[in-house]
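Notes for the one structure printed next.
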Amino acid sequence: MKRFNRRLTCELFTAIFSFKESLNKAAYLLVNRFSDFSAVDVLDIDWLKGTLIYRINEDLCWGLTTGTQGSASFLTPFLNTILTIVRLGKVNAH
């Protein structure tokens, strides 16, 4: 985790793990399998905004291909609790 320029804390580990689990669950219907955690890297985390930037490392399905970058959100509503939000696909403007 050299890219974060600090020791891997419990909070950082939990945020990354939670995000990767959420991405796996959100993408399962498209991918039809659970991917390994190495299939996606977390590039940056903004604790104040509650966002993270990620990159896909292998072709999972159409729209989730190698090099694709995206963002996700997270909340810490309670002590020792993290809620991650992953949205796949386009948002239709009405």
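The values are calculated or read from the model by the stated rules, or taken from the named source; none is laboratory data. As the structure is a computational prediction, the values presented were derived from the model and not from experiment. Ideal geometry is used to build each Cβ from the backbone, glycine not excepted, and the neighbour counts take in all protein chains shown. All accessible areas refer to the heavy atoms of the entire protein, side chains included, with ligands and DNA or RNA removed. Shrake-Rupley method; radii C 1.70, N 1.55, O 1.52, S 1.80 Å.
For Thr66 and Phe34 in the same chain, what is the full-extension length gain: residue separation times 0.36 nm, less their Cα-Cα distance, in nm?
The span from Thr66 to Phe34 would gain 9.9 nm if fully extended.
For Phe78 and Asp44, what does the FRET efficiency come to when R0 = 22 Å and r is the distance between their Cβ atoms, rounded to the nearest 0.05?
Efficiency, from the Cβ-Cβ distance: 0.35.
Which value, in Å², gives the accessible area per residue of the stretch 34-94 when a 1.4 Å probe is used on the protein heavy atoms?
On the way: 4320 Å² over 61 residues.
Accessible area per residue, the stretch 34-94: 71 Å².
What does the charge dipole of the chain about its Cα centre add up to, to the nearest 20 debye, if the Cβ of each Lys and Arg holds +1 and the Cβ of each Asp and Glu holds -1? Intermediate values should be presented prior to the final figure.
On the way: 11 positive and 8 negative charges, 28 e Å.
Computed charge dipole of the chain: roughly 140 debye.
To the nearest 10 square angstrom, what accessible area does Arg55 show with a 1.4 Å probe?
Approximately 80 Å² of Arg55 is accessible to the 1.4 Å probe.
Ignoring ligands, DNA and RNA, please state the percent of accessible area on the stretch 32-80 from carbon and sulfur, probe 1.4 Å.
With neighbouring chains kept in place, the figure for the stretch 32-80 is 55 percent.
Taking the Cα centre of the chain as the origin and placing charges on Cβ (Lys, Arg +1; Asp, Glu -1), which of Ala72, Val40, Leu30 is farthest toward the positive end of the dipole?
Going by the charge dipole, the pick is Ala72.
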